[in-house]
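Asker: Quick one: the structure is below, questions incoming.
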Amino acid sequence: MAALAALRRRARDAFWGALPPSRVIRRGPATVKRVALTFDDGPQPETEAYLEAMDRLGVPGTFFLMGDLSSERPEMLREYTRRGHQLGAHGWNHHPFPTLGIGGLRDQLRRTEAVIGPQPTGRPWVRPPYGALSARSLAQILAEGLTIAMWSFDSYDYDATDADQVVARCAPEAIGPGEVLLFHEGHAHTLAALPRIVDGLHRAGYECVTMADLIAS
Ligand SMILES: [Zn+2]
């Protein structure tokens, strides 16, 4: 089993390693003790509480937002930015990109970008819903001029039933320098787990930064 896992890991690393590293980002350099906390699927009713928690912890996040939900909450979009978080797109309505035609994917990307607006990172960032990509959708996203933001560490918070599970999965021993941690908005247990996760990372000597800052490390 261990050999199979190692083979799978090698195949995955070879796949990601073959892509242009500045345009398809999975993680930052492993040489600096920094990590990025990233949150998908917002804005959600709990967003304000997430932002309050991040403020109290003094850490920035990177939020990948859905176009349809964002268009209903323009004041929340300003709030993320005002508090120093990085924003990226997560599709208009969470439709998996590989199942869309060229026009449909273009529509999802452009409409969401129009709602989120220009970001200080310059080139817009997108995290595909479910992390799902095909060769065709990947090529189209890059041709549209976007940076693709994946992740290297899944908290599996969507699958957890309480905060303890999320905290246990995100123990600092399990996390390495440069990792991009995947979380989701809209989960009470993720929100409740955040202070303990960030505290553990800080105690282990990690700094939490935005994804843009992580890759600039
Ligand atoms: Zn999502």
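FYI, it's all coordinate maths here, none of it is from the lab. All values derive from a computational prediction rather than experimental measurement. FYI the Cβ positions are ideal-geometry reconstructions off the backbone, even for glycines, and counts take in every protein chain you see.
Asker: Say R0 is 45 Å: what FRET efficiency, to the nearest 0.05, do residue 165 and residue 32 get from their beta-carbon distance? Before the final figure, lay out each step's value.
Answerer: Details: r = 29 Å, r/R0 = 0.64.
Approximately 0.95, to the nearest 0.05.
Asker: Answer rounded, prolate or oblate for region 127-217, using the Cα gyration tensor with square roots of eigenvalues a ≥ b ≥ c: rounded when a/c is under 1.5, else prolate when a/b is larger than b/c, else oblate.
Answerer: Details: a/c = 2.68, a/b = 1.56, b/c = 1.72.
In terms of gyration-tensor shape, oblate.
Asker: Sticking with this one: Would you mind ranking 162, 157, 41, 107 by Cβ crowding within 10 Å, fewest neighbours first? Could the numbers behind the result be given before it?
Answerer: Details: 162 11, 157 26, 41 20, 107 14.
Ascending number of Cβ neighbours within 10 Å: 162, 107, 41, 157.
Asker: Still on this model: Give me a comma-separated list of calculated 3J(HN,Hα) values for region 90-99, in order, Karplus coefficients 6.51, -1.76, 1.60 applied at θ = phi - 60°, integers in Hz, x for any Gly or Pro.
Answerer: These are the phi-based 3J(HN,Hα) values: 9, x, 6, 9, 6, 6, x, 4, x, 8 Hz.
Asker: Amide H to amide H under 5 Å from residue 34: which residues, 5+ apart in sequence or cross-chain, H placed 1.01 Å off N in plane?
Answerer: 178, 207
Asker: With a/c under 1.5 counting as rounded, go ahead and sort the chain into rounded, prolate or oblate using the C-alpha gyration tensor (a ≥ b ≥ c being the square roots of the eigenvalues; past the cut-off, prolate if a/b is larger than b/c, else oblate).
Answerer: Oblate shape, in that a/c is at least 1.5 and b/c is the bigger or equal ratio.
Asker: Per-residue HN-Hα couplings for region 72-82, Karplus 6.51 cos²θ - 1.76 cosθ + 1.60 at θ = phi - 60°, whole Hz, x for Gly and Pro?
Answerer: Result, rounded to whole Hz: 8, 10, x, 5, 6, 4, 5, 5, 3, 5, 4.
Asker: With only Lys, Arg, Asp and Glu charged, each at its Cβ (+1 for the first two, -1 for the last two), find how big the charge dipole of the chain is about the Cα centre; round to the nearest 20 debye.
Answerer: 980
Asker: Show me, bin by bin at 10 Å from 0, the whole-percent P(r) of region 99-162 based on Cα pairs.
Answerer: Spelled out per bin, shortest first, that is 17, 48, 27, 8, 0.
Asker: Please work out whether region 1-112 counts as rounded, prolate or oblate from its C-alpha gyration tensor, where a ≥ b ≥ c are the square roots of the eigenvalues and a/c under 1.5 means rounded, while otherwise a/b larger than b/c means prolate and anything else oblate?
Answerer: Numbers: a/c = 2.31, a/b = 1.29, b/c = 1.80.
Since a/c reaches 1.5 but b/c is at least a/b, the shape of region 1-112 is classed as oblate.
Asker: If you restrict to DSSP beta bridges whose two residues both lie in region 32-215, what percentage is antiparallel, to the nearest 5? Could you put the intermediate results ahead of the total?
Answerer: Numbers: 1 of 22 bridges.
Taking every DSSP beta bridge with both residues in region 32-215, the antiparallel ones total about 5 percent.
Asker: Amide H of residue 147 versus every other amide H placed in the peptide plane: which residues, excluding those fewer than 5 positions away on the same chain, fall under 5 Å?
Answerer: Counting only residues 5 or more places away or on other chains, the set is 125, 126.
Asker: I've got another one for you. Hey, what did region 32-215 get for relative contact order, percent, Cα under 8 Å, at least 6 apart? Could the numbers behind the result be given before it?
Answerer: Working: 344 pairs, mean separation 61.5, N = 184.
RCO, region 32-215: 33 percent.
Asker: GNM, the chain, Cα, under 10 Å: largest mean-square fluctuation among 193, 160, 11?
Answerer: Of the options given, 11 has the highest mean-square fluctuation.
Asker: What residue among 86, 140, 44 shows peak mean-square fluctuation when the chain is described by a Gaussian network model with Cα springs under 10 Å?
Answerer: Comparing 86, 140, 44 in the GNM, the peak value goes to 140.
Asker: Name the most mobile residue of 152, 71, 134, meaning the one with the largest mean-square fluctuation, in a Gaussian network model of the chain with Cα contacts below 10 Å.
Answerer: Of 152, 71, 134, the Gaussian network model singles out 134 as fluctuating most.
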